[in-house]
Each structure stands twice: as structure tokens, then as C-alpha cells.
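Structure record follows, encoded as C-alpha cells.
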Amino acid sequence: MESDRRLEDCHFHAEKLALSLCFKGPTLPLNISNLLDQLDELKTRFGARAQQRVPNILARISRLTITEADTLVRLHEILLFLCAYPRDAAVRKLAEAALKGFAERVNALREAGADLSSLEHPELSGIDGSPVTDTFSYYVVRWLVNARRQRDRVALAWDWFEDENRLAESWPRFMPLLEEDAAVEANVPYRQWLRAASGGAERDLTWLINQFELLPGPEKKKAELYNAQKLYVRWNPDYRSTRTGMRLRVGQHFYHREPLIRRRDVSLTRELETPPPGLTQLSASDGAAILDLTRAASTVRYRELYGFTHGDAERVLQAQLGRGVDVFIMGVPPEQRLPLRAYHAAMIFKNGVPVGYFEGISLFERMESGFNLYYTFRDGETAWLYARILSIFHHLLGVTAFSIDPYQIGFENEEGIESGAFWFYRKLGFRPTNPEVLKLVLNEEKKLATRSGYRTSLATLRKLARGPMIFEHEITADDSQPGDWDRFQLRNLGLAVQRRMAGSNKRDARSFRTKAVARLTQLLKAEWRKTELPVVSEFAVALSLVADLSEWSEVEKRALLRVMRAKATQEESSYLQLMQKHSRLRSTIIKLGSQ
């Protein structure tokens with residue numbers, strides 16, 4: 001999470017050499033590299049000397065022609081950091097001004113025939129002047145073609161298309177007589193068919209998405225059909241939707257006069273016990289605008305976060321953490337909710353710059369937390385940001401146990417290994433839930449404490465990342481103990497349901513669900529509203545594993561009924577709070593998910 005990189009101070013003669021920078025010649029890349037080395041080191045220093053040098057270096061670089069994409073990318077990321085963590089208004093304005101010229105710089109490299117492949121890396125994509133091309137989901141493409149500022153900037157990328165034959169599965173629905181061609185002919189000119197049906201190339205994608213929207217049936221089925229085509233789409237975002245220019249409008253910027261908050265200065269326990277900042281619910285229009293920002297921020301990075309794609313514009317909350325940080329929290333509407341867990345996402349802005357996101361998936365008092373501070377900003381108060389966000393969700397949802405998936409700490413994720421993500425979480429108080437991994441951790445900590453200069457090897461870090469980690473703040477549920485969640489995975493419960501279905505008389509999912517719903521309805525003596533049926537169905541198959549459900553008390557059954565109805569109709573915070581009060585349901589689910 002935090003970089004351990006330390007750059008040595010550049011000598012005075014290097015600064016003198018930088019004054020002689022020219023636009024051409026063999027020394028140019030070296031001189032730019034020297035300037036960027038200095039700028040990279042100074043970006044997290046806030047003394048008087050650094051304050052004088054940064055504007056001078058920015059002014060020099062602004063006059064230079066950059067001839068390599070990697071160098072341009074490096075400059076871009078440093079400038080973005082300076083916009084998010086500025087020492088004063090002058091530096092921020094210089095960095096913003098330099099970023100506004102990036103489309104011209106990218107175009108110059110393209111015209112010169114430079115290799116621009118580095119601009120397509122997911123951590124670096126979205127620079128102004130460079131498009132993003134991918135098989136975006138139906139939901140993302142629909143959002144793009146319906147967005148007023150983007151619809152003329154998005155189109156099918158036929159040059160990337162791999163297999164046109166799969167179009168025969170869906171396009172005949174929209175194009176009369178296409179089946180006559182697609183069923184028996186080779187080399188069907190699908191692009192020509194689409195052009196004829198849409199009335200022009202500029203309308204191809206919009207027309208196609210409209211046809212999928214007009215199909216009968218649920219939205220998920222339309223998405224499945226569209227996604228099966230694997231259509232490549234190219235998006236040339238406008239400046240305000242690129243990583244370069246995307247900004248949240250802020251009233252007042254925060255300027256760093258002192259060193260950034262370090263990880264060792266952060267206590268997760270203290271943050272969880274500190275009263276959280278106030279939460280403000282946005283209007284539906286403002287919530288929709290924030291969701292547009294979050295979707296753009298993800299799409300230009302080749303990511304798609306469930307909570308941003310399906311976020312509920314009417315339930316977006318804003319928290320101002322201080323130090324120029326705004327966090328926007330969003331849930332999803334009832335029709336998009338997960339079957340059993342509550343889902344929340346958050347987007348993090350620092351001085352108006354999107355710097356990362358958070359995803360929390362909760363069951364009872366346990367939250368699976370996914371935190372990603374974008375690569376560019378990982379020198380910037382990562383631990384403090386993470387702790388403050390967990391504190392918000394602790395107070396908002398009542399969650400007290402925070403679980404980390406192995407991927408977050410490096411399992412099949414080399415970036416997590418190289419960044420030392422395991423020790424980031426460990427030093428905040430997380431512990432491995434696997435006893436063998438915990439034993440290895442304790443041994444490593446002993447070595448770190450007794451051997452000067454000792455560092456955990458990459459091979460050992462991979463072993464440490466083989467299991468989840470958890471932080472338990474407090475135990476509040478009746479009859480609960482530390483470690484209750486150590487062996488829990490919701491997947492275990494799901495697999496148990498599959499095995500039960502496979503062993504039943506009727507092995508198809510529809511019959512299995514119908515029988516489970518009938519059993520649950522009889523036990524609870526309930527009458528269901530239509531909006532409740534999807535939730536009832538999911539709970540019913542999960543509770544089909546509970547042999548003694550009929551023996552639950554009437555109080556416990558009524559409480560279960562309230563939990564299910566809250567999932568279908570209320571805020572998911574209310575759903576979680578009701579779950580947290582149902583001790584028997586909690587112990588039952590933990591037992592099923594821990595086997």
C-alpha cells in the first residue's frame with residue numbers, strides 16, 4: 001500500500017544542467033528524468049525549500065517536448081498527485097494548467113509514431129487524448145450512449161472485433177430477414193446490416209442499445225444477451241471525464257503545510273471510537289451526478305464496480321472527512337441487491353480529485369471490505385483514509401468485524417505482494433484467520449524485531465496471503481466470541497445449497513426454490529407482497545439447510561420475517577441492524593457458512 005521508495009537528493013550541478021534543457025538532442029530524456037526524479041521526491045515534502053523548487057521545476061517541464069509515452073505518463077501521475085495534495089494554490093494551479101495540455105502532448109506522440117501501449121494499462125488509462133476500448137457491459141454502454149456529453153464520443157470498435165458469428169444469436173431479433181442470411185451463409189456482413197438498419201455509422205451503437213432496451217423481459221436477461229456478443233466499444237471521453245480532468249467541484253481546497261499522516265500515526269481502534277463526520281443525503285439529481293462521476297472514473301480505468309453501475313441516485317450520502325477529503329456512499333435499489341448480504345460502495349475525492357474507492361459487503365456485524373486507493377495516490381495518507389472510512393461504516397451500519405479477502409493482500413495478485421499489502425493491514429491490527437498463517441506471521445514479526453535490516457521475502461508474503469484477515473473491534477452480539485467469523489465464507493453456504501438441491505427428488509432450481517418457499521411460507525405463516533418474493537426465494541433456499549427451523553420460537557420467526565421484509569423494502573442499514581439483533585439467525589448462518 002505504501003511505497004518504500006526513497007530518492008536521493010539531486011546535486012546542485014544537476015539543477016544547473018536542467019537549465020540548459022533543449023527540445024532536441026540525445027540528452028533530453030536524461031534531463032527530463034532528472035527533473036521528474038526531483039519532482040517525485042518533492043511532492044510529499046512541504047518545507048520552505050521544497051515550496052520554492054516545485055514551481056520552478058513545473059515551469060521548466062512545461063516548456064519541454066516529451067518524446068516517450070512512459071515519461072509522459074510519469075509526469076501525468078505526479079501532476080495529479082500535486083492537484084490532490086497541493087502545498088499551496090500556486091502549485092495546484094500550475095499542475096492543473098500543465099494537465100490541460102495533455103491531449104496535445106498525446107496527439108504529438110501519436111503523430112510521431114511513438115509506442116502508446118503504456119497508456120492502455122488499467123492503472124494508467126484515461127489520460128486526456130487517449131481512448132479506452134473494451135467489451136464494456138450492457139449497463140456501462142447504455143449509460144454512455146444515454147449520457148448527453150458522451151453519446152457522440154462512443155462507437156463500436158470493429159477493428160477489435162474477434163468473432164462475428166455470435167451476432168447471429170441476437171441480431172435477427174432486431175433486423176428483419178437477417179436470419180435468412182445468418183443461418184446459412186458464410187461471411188455475413190453484419191456491419192453492413194447494422195448500418196442499413198440504424199441509418200448511419202454514427203448511430204450504430206445507439207440504435208443497437210435501443211433495440212436491446214425494447215426487448216421484453218427483465219433487465220438482467222437483456223444484459224446477458226448483449227454481453228454474450230462481446231462487442232468492443234471505443235470511448236473518447238471529454239476532458240472532464242478523463243483521469244486528467246475529472247474533478248468534483250469543491251468550495252475550499254486543503255493545502256498541506258506539514259508532513260502527510262503516516263501509517264504508524266494511525267490507530268484503527270481510535271478512529272472507530274471517534275464520532276464520525278456528519279452524513280448529508282444528496283438530492284436525486286445530485287446523487288445521479290455523483291454516480292456519473294463514479295462510473296466515468298471506473299470506466300476510464302477499465303473497471304466496473306457493482307455499486308457504481310447500479311447505484312441508487314436517491315440514496316447517496318456525502319461525508320466530509322477533513323483535509324480536503326469528500327466521500328460519497330451509495331447503496332443499490334431493492335431490485336439490484338445481493339441475495340443475503342448488504343452492499344455499499346464509496347467514492348473518495350481529495351481536493352476534488354478522485355483518488356480511490358471502497359466496497360463494503362455486510363452480513364450481521366461482519367463487513368467484507370475492499371479498499372483501493374488508485375496507484376497514483378498511494379503515497380498519500382492511505383492508512384488514515386482507510387481508517388476514517390471504516391469508522392463511517394461502523395457507525396452507519398453497526399458493523400464491528402472487518403474482513404479482508406486474500407486477493408487484497410496478494411493472493412494471485414502480484415501488485416499486492418510487491419506493495420507489502422499484508423503488512424499494511426497487519427500494522428493496523430488485522431490478524432490472519434488461518435492458524436498456520438498466524439503462526440508464520442508471529443515468526444516473521446519476531447525476526448523483524450530482532451534482526452536489523454530484515455525484510456519479509458516475496459515468497460513468504462505469498463504464503464501470508466493465502467488466507468483472509470480480520471479486525472474485530474468489539475463483540476456486541478449475544479453469546480458471540482472473538483473468532484466466530486474466522487472460518488466463515490458465504491460460498492460454503494451456497495455450495496451446501498447446491499448439494500442439497502442435487503440430493504433432492506427434483507434437481508432443477510425452479511422446483512427446488514418453489515418447494516423451499518412453500519416450506520418457509522408455512523413455517524412463518526406469511527403472506528408475501530410481490531416486491532418481497534425475490535428476497536423470500538433467496539432466504540428460503542438458504543434456510544432449507546436449517547433442519548430445526550420449525551422449532552424456532554414465535555418471537556424468532558417474527559423477527560426473521562422483519563429481517564426479510566427490510567431487505568426487500570427498507571434501507572439496507574435497517575436490514576443489517578435487524579439482523580444484528582437476531583442471535584439465533586446469526587449463529588445458524590455462521591455455522592452453515594463455516595462448515
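The values are calculated or read from the model by the stated rules, or taken from the named source; none is laboratory data. Bear in mind that the values here come from a model prediction, so they are computed numbers and not experimental data. Cβ placement follows ideal geometry from the backbone for every residue including glycine, while neighbour counts extend to all protein chains displayed.
Applying the set (1) at pLDDT 95 or above; (2) small (Gly, Ala, Ser); (3) surrounded by 18 or more Cβ atoms within 10 Å (Cβ to Cβ) to residue 553 leaves exactly one unmet item: (3).
Please go through region 304-322 and pick out each residue that is under 18 Å from residue 220 (Cβ atoms), in contact (Cβ under 8 Å) with a residue 60 or more places away in the chain and touching a Lys or Arg at 6+ places or on another chain (Cβ under 7 Å). 309, the sole residue that qualifies. In the list 106, 91, which residue meets the criterion of being modelled with pLDDT of 95 or more, more than 23 Å from the chain's Cα centre (by Cα) and closer than 27 Å to residue 372 by Cβ? Checking each option against the conditions leaves just 106. Here residue 250 clears all of (1) hydrophobic (A, V, I, L, M, F, W, C); (2) farther than 23 Å from residue 122 by Cα; (3) touching a Pro at 6+ places or on another chain (Cβ under 7 Å) except the condition numbered (3). Within region 182-200, being assigned to a helix (DSSP H, G or I) and farther than 22 Å from residue 215 by Cβ holds for one residue alone: 192. If the condition is being surrounded by 13 or more Cβ atoms within 10 Å (Cβ to Cβ) and of a type outside the set (Ser, Thr, Tyr), then region 510-528 contributes 512, 513, 515, 516, 517, 519, 520, 523, 524, 526, 528. For residue 69, the stated conditions hold: it is among the aliphatic types (A, V, I, L, M), under 34 Å from the mean Cα position of the chain (by Cα) and surrounded by 18 or more Cβ atoms within 10 Å (Cβ to Cβ).
A single member of 291, 231 is crowded, with 19+ Cβ neighbours inside 10 Å, of a type outside the set (Phe, Trp, Tyr) and in a helix (DSSP H, G or I), and it is 291. Taken over region 400-420, the residue count meeting the criterion of being of a type in the set (A, V, I, L, M, F, W, C) and under 17 Å from residue 488 (Cβ atoms) is 3. Checking the condition outside any helix (DSSP H, G or I) and either closer than 25 Å to residue 384 by Cβ or out of contact with any Leu (no Cβ under 9 Å at 6 or more places or on another chain) (or both), which residue from 243, 264, 270, 203 passes? It is 243.
Show the residue pairs meeting these rules: Cβ distance below 6 Å; 6+ apart or different chains; first residue within region 325-351 and of a type in the set (S, T, N, Q); second residue outside any loop (DSSP other than H, G, I, E, B). Cβ pairs passing all conditions: 351/84. Restricting region 327-341 to residues that are more than 16 Å from the chain's Cα centre (by Cα) and among the hydrophobic types (A, V, I, L, M, F, W, C) leaves a set whose member that is surrounded by the fewest Cβ atoms within 10 Å (Cβ to Cβ) is 338. Listed here are the helices (runs of 4 or more DSSP H) enclosed by region 357-464 that have at least 1 residues being over 18 Å from the mean Cα position of the chain (by Cα) and farther than 22 Å from residue 319 by Cβ: 414-418, 421-426, 435-450, 458-464. Remark: pairs (first residue in region 358-375, in the same structural domain as residue 344 (by TED's automatic domain parsing) and over 23 Å from residue 81 (Cβ atoms); second residue aliphatic (A, V, I, L, M) and in a strand (DSSP E or B); Cβ separation under 6 Å; 6+ apart in sequence or on different chains) = 359/345; 360/367; 362/342; 365/401; 366/401; 368/361. Among the residues making up region 532-553, those that are closer than 13 Å to residue 568 by Cβ and of a type in the set (Asp, Glu) are 532, 538. The number of residues in region 157-181 that are in a loop (DSSP other than H, G, I, E, B) and either among the polar types (S, T, N, Q) or loosely packed, with under 14 Cβ neighbours inside 10 Å (or both) comes to 5. Is region 144-152 home to any residue that is outside the structural domain of residue 292 (by TED's automatic domain parsing), of a type in the set (Lys, Arg) and modelled with pLDDT of 90 or more? Within region 144-152, none of the residues are outside the structural domain of residue 292 (by TED's automatic domain parsing), of a type in the set (Lys, Arg) and modelled with pLDDT of 90 or more. Considering only region 570-584, state which residues are under 25 Å from the mean Cα position of the chain (by Cα) and hydroxyl-bearing (Ser, Thr, Tyr). Correct list: 573, 574, 575.
Over 13 Å from the mean Cα position of the chain (by Cα), buried (at least 21 other Cβ atoms within 10 Å of the Cβ) and not assigned by TED's automatic domain parsing to the domain that holds residue 43: does that describe residue 347? Judged against the criteria, residue 347 is not a match.
Considering only residues that are closer than 22 Å to residue 386 by Cβ and not hydroxyl-bearing (Ser, Thr, Tyr), which ones fall in region 449-465? Hits for region 449-465 are 461, 464, 465. On inspection, residue 542 does not qualify as of a type outside the set (Phe, Trp, Tyr), without any contact (Cβ under 8 Å) to a residue 24 or more places away in the chain and either crowded, with 18+ Cβ neighbours inside 10 Å or on the phi < 0 side of the Ramachandran plot (or both).
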